[in-house]
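What follows is a short report on a single structure.
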Amino acid sequence: MYKTSLLATGGFNEKCGILGVGTKQFTLSLEEFKDALHLLNYMEIERTETEIKKFELKHNIKKNTFQKLLDGNLILESSLVKPKKDTLDFKNYLYLLSIDVDAKLVLNNLKNTIVIIISCGGIGNFLSYSLATFTPEKMILIDGDKIENSNLNRQLLFTTKDIGYSKADILKKQIQLRNPLLDVTSYDRYVTEDLLEKSIKLTDNKRYLVILSGDSITALEETTKYCVKNKIPFLNVGYLNDISVIGPFYVPRISSCPYCNNTLSLEKHEKDSMQNELLNINNKYEAPSSFTNNALASSLAMSDIIQFEAEKLDKVKSLNKRFGIDNVTFKNYTLEVPKDKDCSFCSEENK
């Protein structure tokens, strides 16, 4: 059984017709366009393949018209066509259909996932907000920072009334105001492996996903150790000034962790005069954190998270690599992070 999708839309001029939008958009001759419109209107009620073929014969519609509409997601199997609903995940469902993933699989996987967001600043605001609309099984928020006035240029879930309060606690409150069905726990503490061990009750049949958006090497090290030891997927999200970056997306036994091959130069040095001078400079560094680099990094992350939950690892752009986009030119940058059989963090999982 098939039915016209809510994604069906189009337009025409004196030369041709256009159907669909985005990467699925295609053009037709005016004759083909007219036939396609007949078919789309006929299939506003679900139809069997036999009924469709009879309609095509009766109206002399070319056989490939139906296939073009099917390939463009303008016609779907009727089980995939949900009526318009005023629900939190309705538009998410339509979006998932439009990008050719199994929408039901993604929604089901996320609803059965415990999401842990480490660092609740700009990126943490965006990603917790986005993922909360999918109503995961549980969301855990971890951050020891307090809200400051300078945060309000991009941390959109906070207000001036929240200044001085815990980022994790206020984010929990704001997320639950938007989705009362969501189970959220917050920890007003900086992440450590010990905190993760105590706050996450691991169960064999549960799905977990960790998102780290902190700019601390200690946070990255503690998170990597915990996720590798417990075989939990995690994605590192951030920015390098005006380049929004994600990855590597660690998938246990499959892809690299951030410490593989020391690609990101994360090793610690003995304290000497050069190291001390470097620390002095680095400690005074202020990240140019804005709506633009935070929002773009978060969008890149959501794209890969969706492909991961759709179980399409070949579509995850940050698998075994660090992927970034220049905020000004939109130029793409890729830093390969191959899986390292001798990695001091994740090599044991291959034995």
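Quick notes on this one:
- Within the option set Ser256, Ser186, Ser216, being buried (at least 21 other Cβ atoms within 10 Å of the Cβ), within 30 Å of Lys331 (Cα to Cα) and of a type in the set (S, T, N, Q) holds for one residue only, Ser256.
- Test: residue in the stretch 143-156 that is more than 24 Å from Ala297 (Cβ to Cβ) and either outside any strand (DSSP E or B) or in contact with a Cys (Cβ under 9 Å, 6 or more places away or on another chain) (or both): no
- Some residue of the stretch 127-149 being out of contact with any strand residue (DSSP E or B) (no Cβ under 9 Å at 6 or more places or on another chain), on the phi < 0 side of the Ramachandran plot and buried (at least 21 other Cβ atoms within 10 Å of the Cβ): no
- Residue check for Leu264: aliphatic (A, V, I, L, M) and open to solvent by 80 Å² or more (accessible area, probe 1.4 Å): no
- From the options Tyr285, Tyr239, residue that is over 17 Å from Glu349 (Cβ atoms) and surrounded by fewer than 18 Cβ atoms within 10 Å (Cβ to Cβ): Tyr285
- Search result, residues across the stretch 30-58 that are hydrophobic (A, V, I, L, M, F, W, C) and loosely packed, with under 15 Cβ neighbours inside 10 Å: Leu30, Ile45, Leu57
- If only residues of the stretch 189-213 that are out of contact with any Phe, Trp or Tyr (no Cβ under 8 Å at 6 or more places or on another chain), in a loop (DSSP other than H, G, I, E, B) and in contact (Cβ under 8 Å) with a residue 12 or more places away in the chain are counted, the one that is most open to solvent (accessible area, probe 1.4 Å) is Tyr190.
- Residue check, Ser289 among the small types (Gly, Ala, Ser), modelled with pLDDT under 95, within 20 Å of Phe126 (Cβ to Cβ) and touching a strand residue (DSSP E or B) at 6+ places or on another chain (Cβ under 8 Å): yes
- Residue check for Asn282: free of Cβ contacts under 8 Å to residues at least 40 places away in the same chain and not aliphatic (A, V, I, L, M): yes
- Selection count, the stretch 154-183, where residues are farther than 28 Å from Tyr226 by Cα, open to solvent by 80 Å² or more (accessible area, probe 1.4 Å) and not hydroxyl-bearing (Ser, Thr, Tyr): 6
- Test: residue in the stretch 329-340 that is open to solvent by less than 30 Å² (accessible area, probe 1.4 Å), of a type outside the set (A, V, I, L, M) and out of contact with any Ser or Thr (no Cβ under 7 Å at 6 or more places or on another chain): no
- Residue within the stretch 279-292 that is part of a helix (DSSP H, G or I) and among the aliphatic types (A, V, I, L, M) present: yes
- Applying a threshold of 8 Å to beta carbon distances and a minimum spacing of six or more residues, or different chains, the list of pairs starting in the stretch 304-321 at a residue that is on the phi < 0 side of the Ramachandran plot and basic (Lys, Arg) and ending at one that is crowded, with 19+ Cβ neighbours inside 10 Å and in a loop (DSSP other than H, G, I, E, B) reads Lys317/Gly247; Lys321/Gly247; Lys321/Pro248; Lys321/Val337.
- Which numbered condition Thr135 misses (of (1) modelled with pLDDT under 95; (2) assigned to a loop (DSSP other than H, G, I, E, B)): (1)
- In the stretch 219-236, the residues that are open to solvent by less than 40 Å² (accessible area, probe 1.4 Å), assigned to a helix (DSSP H, G or I) and either in contact with a helix residue (DSSP H, G or I) (Cβ under 8 Å, 6 or more places away or on another chain) or of a type in the set (Phe, Trp, Tyr) (or both): Glu222, Thr223, Tyr226, Val228
The values are calculated or read from the model by the stated rules, or taken from the named source; none is laboratory data. Small disclaimer: the values here were computed from a predicted structure and weren't measured. Virtual Cβ from ideal backbone geometry, glycine too; neighbours counted across all protein chains shown. Accessible surface is based on the protein model in full, side chains and every heavy atom, while ligands, DNA and RNA are left aside. Shrake-Rupley method; radii C 1.70, N 1.55, O 1.52, S 1.80 Å.
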